[in-house]
1. Given the options 302, 376, 320, name the one that is touching a residue at least 40 places away in the same chain (Cβ under 8 Å), under 18 Å from the mean Cα position of the chain (by Cα) and over 30 Å from residue 125 (Cβ atoms).
2. With the structure loaded, tell me whether residue 412 is farther than 26 Å from residue 165 by Cβ, in contact (Cβ under 8 Å) with a residue 40 or more places away in the chain and surrounded by 22 or more Cβ atoms within 10 Å (Cβ to Cβ) or whether it fails that test.
3. Hey, does the range 343-357 have a residue that's farther than 21 Å from residue 513 by Cα and at pLDDT 95 or above?
4. Residues in the range 147-159 that are in contact with a strand residue (DSSP E or B) (Cβ under 8 Å, 6 or more places away or on another chain) and assigned to a loop (DSSP other than H, G, I, E, B): how many?
5. Please state which one of 91, 100 is farther than 27 Å from residue 510 by Cβ, buried (at least 16 other Cβ atoms within 10 Å of the Cβ) and assigned by TED's automatic domain parsing to the domain that holds residue 165.
6. Looking at 251, 284, 263, 237 in this structure, which one is part of a strand (DSSP E or B) and either under 22 Å from the mean Cα position of the chain (by Cα) or outside the structural domain of residue 396 (by TED's automatic domain parsing) (or both)?
7. Those residues that are more than 19 Å from the chain's Cα centre (by Cα) and either at pLDDT below 90 or closer than 24 Å to residue 155 by Cβ (or both), I need them from the range 205-222; list them, please.
8. Name the single residue that is nearest to residue 325 (Cα to Cα) among those in the range 457-479 being surrounded by fewer than 18 Cβ atoms within 10 Å (Cβ to Cβ) and touching a residue at least 12 places away in the same chain (Cβ under 8 Å).
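The values are calculated or read from the model by the stated rules, or taken from the named source; none is laboratory data. What you see is a predicted model, and the numbers here were worked out from it, not measured in a lab. Don't worry about glycine lacking a Cβ; one is built from the backbone with ideal geometry, like all the others, and counts go over all protein chains shown.
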């Protein structure tokens, strides 16, 4: 005992020394692999909400939580209802666009993709005017307003993907190549709604978008999910959509505009939105189905601070059954995205239920409909089971490293909160390091469920697979990442494949996230947002 007291004094009471702490859980491949195999199997039908795949998935998660001995996370239930609407937009096969001199018919799916959030049985537009609105951004902090001096009410707004900072290398200008929320397509639709537009056509470009047009094509004539907002007076666009770059160039040509000149003007704050003197006509038949999807939630109650919460999250859903690929496979299994993250959630739940009980309560939240717009996590954030004032932090998992051991992990949204500092402490202990997101143009910070927590002020951590491969270096690691986007992302080919998967790195990353969460759960620390974070003021407003 005397020796223990001496050691405690040297450690300056950083850790509680009344009792030796039990060794933390050590993860193995076997903690992850069976879950991934099951969740990514054809039997689960791509885990689409409102399908048999959902029923199988949420029942499986509930059963696993029960087997581990975890408590239900929502009273006596492991489920949180998420009221939603499934809207199946069947777009006309063509869109006709006229100028003063010509009329051109564009082909749906090939040249453009549109859908709607309206639930009317038919949405149609005839000779709707088109306006080119640059990037479609209103950002007062940058002195930027693409809608100044123009009324787009009832008109179609065509705009560029990403934001004006992309390609400038100027980190003070819309964060340079790091996409801001202004560059995210969801923001562009939201801003167009605020201005009363009829519809939006975003010009697709693979590099600034961060993914190919095939990802956009997945929305063609397929059911899309949204939160059920019946009873609320929310204006919705007649349609949302994208056009290919060649289609956009043709529209500029029809309008008598120089495409390069317009793109250059759009990058300046004095840009003025321009009527294109083009008129578009098309329609969408709509079927709406209201139903309830489920978040799955379990907990380990804290021993001394049970009313302070740490939330681990991962989305259980994927894209279900859809357009067949060249091999005829139509099941979008979502092995990496996000059977791995859900498997990690289960593995962490098992570790916390097996290991010494944490001081704070740890929540395990598997959310629905991430692929459709972060709806499950957003619903939880707006309708929390555990108050945001008592929620210490969120640790989100969306895609766990399948490529073997990496020296690094990428921090998605570097510079946002103290959570990355806690991560770096754990990385240093095991001889690893963190690096900024290697593809900041893709806007990953706004594309997973941690963002829903950030929007209500809860400090959130989201890491991505590193690229510094232990054996083959950074070039090889980046090649693997690029190959995934090109060959597997949101395609039926995203399946668990032992010939190309190595879960040793996944084990390392789950161990890392366990250490971050476990240490936070056994401390009095309340992570904060960095001074430059746009979420700091939100948190401070209700934590006073």
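1. Only one candidate passes the filter, namely 376.
2. The answer is no for residue 412.
3. Taking every residue of the range 343-357 in turn, none turns out to be farther than 21 Å from residue 513 by Cα and at pLDDT 95 or above.
4. 5
5. The conditions single out 91.
6. 284
7. Listed by number, the residues that qualify are 205, 220, 222.
8. It comes out as 478.
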